[in-house]
Every structure is written in C-alpha cells, then in structure tokens.
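Have a look at the structure below, then the notes.
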Amino acid sequence: MPLPDNEKVVALADALLKQFDGIFGVHPGFRPAHAKGLLLSGTFTPAADATFLTRAPHVKRESTPISLRFSNSSGIPTMPDNNPQANPRGMAVRFHLAERVHTDIVSHATDGFPTRTGEEFLEFLQAAAASEGSKESPTPIQKFVASHPKALAFVQKPKPSPSSFARETYFGVTAMEFINAGGERKFGRYRIMPEAGNDHLSDDAASGKDPEFLFDEIKSRVAVGPVSFRLLVQVAESSDVVDDATEHWPEDRRLVELGRLVLDGISEDNPAQQQHIIFDPIPRVDGIEASPDPLLELRAAVYLLSGRRRRAAE
Ligand code: HEM
C-alpha cells in the first residue's frame, strides 16, 4: 500500500506519530497506539444477505482465512488490562484473499471518535499532553472539550471493560461505501458483535482483576473452543452524514449481516507477526471503497508510517 501523494497528509501523519511518542514514550517494535495486542487466526464465512451490499471477493467465496488482532488502547506495550485507560479495546481483522492480497477492518469498542479531522485530533492530543500535571484552571484539555462538544461527548461516553475480548462489540466508526454486483452503492459502518453476547464489568470489578486478565482469558477460551462474532454493516439512509466519525446514525438503521468471524487459534510467532502486520483502514478491494471521511486517508498514512518504523526496529 502506498503513502498518499498529498504532502500535507503525510506531514500531519508524522506529527501525530510524534505526539503519540511524546505521550506514551518510544517503544521500538511496538505500535504507538494499541501497543499491547494478540494475533489470532480463523475463518470468515459469508451470510446469505451479504451480496445485497457488496460484490467483494470474500462474500462470494465459501470461506476466507483471517488474522485478527485484539488490543488495549494506549501506546504502552505493557498496558495493564485492568487499567480503565486500556478502553476502548481494539479489533483489527485481515481477510487473506490470495497470496499477498488482503482487505482489512480496523475497529474499536466505542461507537464514535472525538474529532472529525486529523488536525483536530492532533490538537486534542496536544491539549491532553499539556494537561498532565498542569496547574492551569481550566486545563488545556478542559478548554478543548468545552469548545468541542463532540469531543466532550466521546470523552464522557462510558467505556466499561469487557469481561472478555470475546464479549465486546466493536465499531468501524468511519463509513465505507459498499458496491454490489448490480453497481448499487450504499454507505455503511461495520459493527462486529460477539456471539457470546456483550458482558461488561463494573469499574470496581475491573480494577480488581489481574493486569493480564483479558489476554489470559482469550488464550484459554480459544484453546477450548471457537470464538465467534457476527460481522454486520449498519446501512446509512440518504439523510445520514457519511464523512464524519463524530456523527451517530439513528439506531433503527438496517443492520445487514456480512458473515461470521470464527477464531480457532493463536497465531504462531505472535510477537514477530504483530511487529510485521500493518493493518490498513482503507479497504482497497473491489466492492468496498473508502467514504469521503477525512480520517481514512490520514489514518492509512499514519498506520503505514508507523508500521514501517516498527518493521525496521531491531
Ligand atoms: C486521526 C485518527 C486516528 C489516529 C491518528 C490513530 C492512530 C493510530 C496509530 C498510530 C496506530 C498504530 C498503527 C500501527 O502502528 O500499525 C493505531 C492503531 C489502531 N487504531 Fe487508530 N488512530 C485514529 C483513529 C482510529 C479510529 C477511528 C479507530 C477505530 C475505528 C482506531 C482504532 C485503532 C486500532 C484498533 C488500532 C490497532 C490496530 C492493530 O491491531 O494493528 N483508530 N491508531
């Protein structure tokens, strides 16, 4: 996957990476966000309805191998699972379509994002960093959220810890454009729901857990049986805003099932594979295209720059 030609996007991506480095420290070989993770392997099987939305290759085949990475938020590779700042948890999925051909989904467990653009997200991170130990009142981050109601709503949204990575719902947040065999186009957002059902812990229960409780739990769970999710798309209506990750769509929007993600094992050489794999927020596959959301091109550049740096680390 290439870096965008737009130099401004690349410069902003670089500034965001430096900002993460400043907040979490530099940890060569690890991601500057969602640093602690685990890679699993499994299979995607499409649902009957999937071709209504897209002609993408993985919905037309009987099954497609997948790699899936669960992660804690934050750029700290040892982030304790029982720390509330480890929310929202992340899920990144790669569909292996052929040798070196793939398409990905990057999602997290909060339905939304604090800012519409990358420039604003950089300001948000700068304000958060400047507020650490700040004696100013209000602090820079309090000032930022006071003037950015969507960021305030995101910050205030409860982000409880799940009891298991397998009992959490993950949201794609940025819209994609789905194109079916007849050329019909529809915008939609991924929603990945656990077949085991959602289950969240109270803050007290979560803080009493072990720092490795979620990663230990998912390893033991997948050792005794498959872990499965339903891959859904929340389909936009023509009045819905499709280029703004801070905008919610009404809950009554149709959910179309694309299929099931079934995990059956932990990937071999996990640390090396995690270091190597670079998930791409842009689908780059026939039948699923990026929406005009400005976060997508930027994130693709950020993840690529970050991934190249991670691969180059000793
Ligand atoms: C401007 C907005 C954003 C920035 C600057 C940003 C930044 C980053 C960075 C630097 C990484 C590490 C990437 C790598 O080294 O491979 C990352 C990973 C990740 N981000 Fe974001 N992010 C943004 C928006 C989002 C959104 C909207 C979501 C949720 C839909 C999200 C979910 C994740 C997840 C799950 C990972 C881990 C992916 C993996 O397992 O490799 N991010 N992000």
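FYI, it's all coordinate maths here, none of it is from the lab. Just so we're clear, the structure is a prediction, and the values are computed from it rather than from any experiment. Using ideal geometry, Cβ is built from the backbone for each residue, glycine included, and neighbour counts are taken over all protein chains shown.
Restricting the range 217-268 to residues that are over 16 Å from Ala175 (Cβ atoms) and β-branched (Val, Ile, Thr) leaves a set whose member that is surrounded by the fewest Cβ atoms within 10 Å (Cβ to Cβ) is Val224. Residues in the range 26-49 that are in a loop (DSSP other than H, G, I, E, B), away from the ligand (no atom under 14 Å from the Cβ) and either acidic (Asp, Glu) or within 24 Å of Arg221 (Cβ to Cβ) (or both): Ala47, Asp49. Determine, yes or no, whether Phe70 is within 9 Å of the ligand (Cβ to nearest atom) and aromatic (Phe, Trp, Tyr). Yes, satisfied.
For the range 48-71, the criterion of being of a type in the set (Phe, Trp, Tyr) and buried (at least 22 other Cβ atoms within 10 Å of the Cβ) is met by at least one residue.
Among the residues of the range 176-214, those that are within 16 Å of the ligand (Cβ to nearest atom) and out of contact with any Pro (no Cβ under 9 Å at 6 or more places or on another chain) comprise Phe187, Gly188, Arg189, Tyr190, Arg191, Ile192, Met193.
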